[in-house]
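**Q** First the structure, which I've put down as structure tokens, then a few questions once you've had a look.
The values are calculated or read from the model by the stated rules, or taken from the named source; none is laboratory data. If you're wondering where the values come from, they're calculated on a predicted model, not measured in any experiment. FYI the Cβ positions are ideal-geometry reconstructions off the backbone, even for glycines, and counts take in every protein chain you see.
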Amino acid sequence: MRFDILTLFPEFVDYILSESIIGRARKAGKVELHCTNIRDFSENRNKDYINALGALLPRKLIPVIVKLSG
């Protein structure tokens, strides 16, 4: 089973989900997780959190939807 997770902190989420029951399922190959940084789809790639919130606006989510739809 594959899960795509959109987050501002992909390394943190990946670490947390590798140290739990989900982590055991990942090691067994039953679950596949892909953490994607929302900032990668932003027009403003500044790491400043205030500017990064612009990536959450619906107009800015169009590239994310296109990427996930394949």
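**Q** For the range 47-67, how many residues meet the condition of being modelled with pLDDT under 65 and surrounded by 12 or more Cβ atoms within 10 Å (Cβ to Cβ)?
**A** 8
**Q** All but one of (1) at pLDDT below 75; (2) at negative phi hold for residue 24; state the number of the condition that does not hold.
**A** Of everything listed in (1) at pLDDT below 75; (2) at negative phi, residue 24 misses just condition (1).
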